[in-house]
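Let me begin by presenting the structure, written as structure tokens, before commenting on it.
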Amino acid sequence: SRDLTPLENVRAYIYDVPKKTPNEIYIGLNDRNPQLHDVYKLNLTTGERTLIRKNDENIAGWVFDLDGNLRLGVRQTSDGGTEILKVDGEKLIPIFSVSSEEEAEPYRFTLDGKSFYLVTNKGDKVDKTELVLFDMETGKTKFIERDPENEVDFGGAIFSDLTNELIATYYRGDRLRIYFKNKDFENAFKQLKKAVPEGEIFLNSMTDDENLWIVSVSRDVDPGSTYLFDRRTGKAELLYKSRPNLPTEYLAEMKPIRYKAKDGLMIPAYLVLPKGIPPKNLPTIVFPHGGPWARDYWGYNPYAQFLANRGYAVLLPNFRGSTGFGKKFLNAGNKQWGRGAMQQDITDGVNYLIKEGIADPKRIGIAGGSYGGYATLAGLAFTPDLYAAGFDIVGPSNIITLLNSIPPYWAPIKKIFTIRVGDPDNPQEKKMLEEQSPLNYASNIKAPLFVVQGANDPRVK
């Protein structure tokens, strides 16, 4: 192996790997300006880099068409919204924009390069993201699909590299759901399901003729295996198990649940209960996810399984501010860290398990990493009587320090942090951030707390 970007203090992105030029890829480097990524063509054989476009327009991401032509730039507007711009020679022309409470993400160009698929939730009447087709000439959008069950945001799409046809779309609600657009592909998938164990199937890659597929299959009680599937014979060959020595017969089921928050908002969550014992008065760990702009999914969770195997009930809450459940749910978490509704949703999940008789109120712990670590510190500092113990993995204890640690190359998206978390340059919001920082209330902590911290962590200092 060889380092093709041997540069000090530089972040490299891969933007595009065109099918027509397999030996050349397009990358972004912030070598000229640490805040912005210029676009380079990189020869994989020689390592030669050719500058394609300087980035002096605050562009956060670049999009290429299927022929490897640079077509779009995406940037954040001054008010925290998103703007998509058409590359027109040296000029960039705005063609689509959304507010800070909405999303817009180019997904893939059509074969003729005249349109591109766009994932967005623009408009007062649209909550969850949907797939539309944007016409580059007219600027008009054509609706393609939204979640048929109106449960979650648009999940993703599978395209044929042979025909560029939209083969299937998928959504990740409580479980993965797939909707087929091509009968042959659907029939092949039905054959595949018969040839592999039960679980959620992910298509990792296909050969150029799309007859051989590499797929992974996993579920809550099995971290998964990878198979080679032959579409012509309908047979699947096991390539490897990801955790061959794990005694999966001892793993516990993950159940999707809903509980009501203090203000009436329904919170989606997952519950893992110890196998083989009654779910009554159990020691319980609440495990909030990181991000916080992320979410937990159904499937194998090593932390939850480790704890459930040792007799704990484990709650994985998708508190407000989590992504994937529409813009109202996401934006309900704005400036709600610590003492706000995001933490209250976690507290309400604990109270739900106590009320159901599942959790022993005297034996409840909280643990997590990144934002989950912050929620752990906040839980012990702001609700000290609720938890018997806390385990914080790289959680920020001071939000102002965290915001000041944002790297230079996040500059094009920095505004969204002041909208979603708070603005330390605003005296009123600085006071709020200080009150939401567990470091300033460490003396409130009563329960044992274990802190895992990276000595050289550039984000959580």
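Quick rundown of the values:
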quantity: Residue pairs meeting the criteria (Cβ under 8 Å; at least 6 apart or on separate chains; first modelled with pLDDT of 95 or more, in the range 1-26; second open to solvent by 100 Å² or more (accessible area, probe 1.4 Å)); calculated: ILE25/ILE14; TYR26/ILE14
quantity: From the options GLU137, GLU149, residue that is open to solvent by 20 Å² or more (accessible area, probe 1.4 Å), in contact (Cβ under 8 Å) with a residue 24 or more places away in the chain and not β-branched (Val, Ile, Thr); calculated: GLU149
quantity: Breaking point among (1) touching a Phe, Trp or Tyr at 6+ places or on another chain (Cβ under 7 Å); (2) of a type outside the set (D, E, K, R); (3) more than 15 Å from PRO292 (Cβ to Cβ); (4) in a loop (DSSP other than H, G, I, E, B), for GLY365; calculated: (4)
quantity: Positions within the range 96-136 being assigned to a strand (DSSP E or B) and within 17 Å of ASP79 (Cα to Cα), in sequence order; calculated: PHE96, SER97, VAL98, ALA104
quantity: Among (1) modelled with pLDDT of 95 or more; (2) small (Gly, Ala, Ser); (3) buried (at least 17 other Cβ atoms within 10 Å of the Cβ) - the single one ALA442 does not satisfy; calculated: (3)
quantity: Within the range 250-307, considering residues that are under 17 Å from ARG219 (Cβ atoms) and of a type in the set (Lys, Arg), the one least open to solvent (accessible area, probe 1.4 Å); calculated: LYS255
quantity: Cross-chain or 6+ apart pairs with Cβ under 7 Å, the range 306-317 first and free of Cβ contacts under 8 Å to residues at least 12 places away in the same chain and under 9 Å from PRO283 (Cβ atoms), then part of a loop (DSSP other than H, G, I, E, B) and open to solvent by less than 10 Å² (accessible area, probe 1.4 Å); calculated: none
quantity: The range 166-187 residues that are buried (at least 16 other Cβ atoms within 10 Å of the Cβ), paired with ones that are part of a helix (DSSP H, G or I) (beta carbon under 6 Å, 6 or more apart); calculated: ILE167/PHE185; PHE180/GLU186
quantity: Complete set of residues in the range 54-99 that are polar (S, T, N, Q) and farther than 21 Å from GLY139 by Cα; calculated: ASN55, ASN58, SER78
quantity: The range 380-437, subset modelled with pLDDT under 90 and among the β-branched types (Val, Ile, Thr), residue most open to solvent (accessible area, probe 1.4 Å); calculated: ILE413
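The values are calculated or read from the model by the stated rules, or taken from the named source; none is laboratory data. Bear in mind the structure is a predicted one, so any value in this text is a computation, not a measurement. Quick reminder, even Gly has a Cβ in these numbers, built from the backbone with ideal geometry, and neighbours come from all protein chains shown. Just so you know, the surface numbers come from the protein's heavy atoms only, side chains and all, with ligands and any DNA or RNA stripped out. Shrake-Rupley method; radii C 1.70, N 1.55, O 1.52, S 1.80 Å.
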